[in-house]
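Report on the following structure.
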Amino acid sequence: MVSLEQSKLEWPKIKDLMIPSEKVAHVQIGNPLEHALLVLVKSGYSAVPVLDPTYTFQGVISKTKILEETLGIEEFELNRLGEIQVHEIMDAEVPCLSPEDHMIDALHKLIDYPFVCVTNEAGEFDGIVTRRSVLKQYSKHYHEILKHYE
Ligand code: 4BW
């Protein structure tokens with residue numbers, strides 16, 4: 001009987017699957033929402049990581065959260081975008097992974113989140129693991145198994 005810990009070892013490590021930090025669009029905790037919305041719209045992503053000036057991961061900010069925050073009773077109050085900083089509305093309660101974790105550790109988290117941030121022991125941001133990269137691994141594995149039985 002193979003244990004859960006043993007079965008994990010058959011899958012790639014997070015460090016081999018992640019998009020490295022230098023390729024990940026991000027914003028800073030002190031940025032106004034105006035800047036965060038610009039990054040989100042220009043990059044085309046619906047949510048991106050939030051870092052502090054020491055590159056420590058702090059949370060995630062999304063287009064939906066920004067739009068919810070600026071929605072007044074009858075209209076969007078876009079002037080508020082310059083008055084509110086990212087840290088005031090970001091989601092800080094998000095799970096993280098370590099580069100030494102295995103793909104199976106990411107799988108459970110990616111059910112509820114489209115991406116999971118990867119941080120080192122010091123909390124510094126190393127990159128993200130996306131649903132796309134994990135699904136690609138599963139697809140590869142599935143086709144390898146098919147070939148094996150052919
Ligand atoms: O600009 C894009 N390029 C490519 N190649 N694919 C994109 C792009 N924008 C969206 N997509 C696709 C991806 O398949 O749409 C999916 C959902 O995007 P999202 O969530 O809602 O913006 C993408 O799926 P994914 O690659 O599994 O990525 C999941 C989430 O991870 C994205 C986004 O919030 C985040 N993300 C991915 N790459 C990122 C990033 N955030 C910052 N920088 C990156 N390089």
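The values are calculated or read from the model by the stated rules, or taken from the named source; none is laboratory data. Computed from a prediction, not measured in an experiment: that's the story for all the values here. With ideal geometry, Cβ positions are generated from the backbone for all residues, glycine too; neighbour counts draw on all protein chains shown.
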State all residues of segment 90-118 that are away from the ligand (no atom under 14 Å from the Cβ), within 20 Å of residue 25 (Cβ to Cβ) and among the hydroxyl-bearing types (Ser, Thr, Tyr); if no residue qualifies, say none. none
Which residue pairs have Cβ atoms closer than 8 Å, lie 6 or more positions apart in sequence or on different chains, and pair a first residue in segment 127-150 that is at pLDDT 90 or above with a second residue that is loosely packed, with under 11 Cβ neighbours inside 10 Å and part of a helix (DSSP H, G or I)? 127/23
Which numbered condition trips up residue 123, out of (1) of a type outside the set (Lys, Arg); (2) within 15 Å of residue 34 (Cα to Cα); (3) at pLDDT below 95? (2)
Mind checking which residues of segment 18-72 are part of a loop (DSSP other than H, G, I, E, B), in contact (Cβ under 8 Å) with a residue 40 or more places away in the chain, within 13 Å of the ligand (Cβ to nearest atom) and touching a helix residue (DSSP H, G or I) at 6+ places or on another chain (Cβ under 6 Å)? 46
Subset of segment 73-96 (residues that are over 20 Å from the mean Cα position of the chain (by Cα) and either closer than 17 Å to residue 123 by Cα or in a helix (DSSP H, G or I) (or both)): 78, 79, 80, 81, 82
Taking the condition modelled with pLDDT of 95 or more and either under 20 Å from residue 122 (Cα atoms) or away from the ligand (no atom under 12 Å from the Cβ) (or both), does residue 6 pass? no
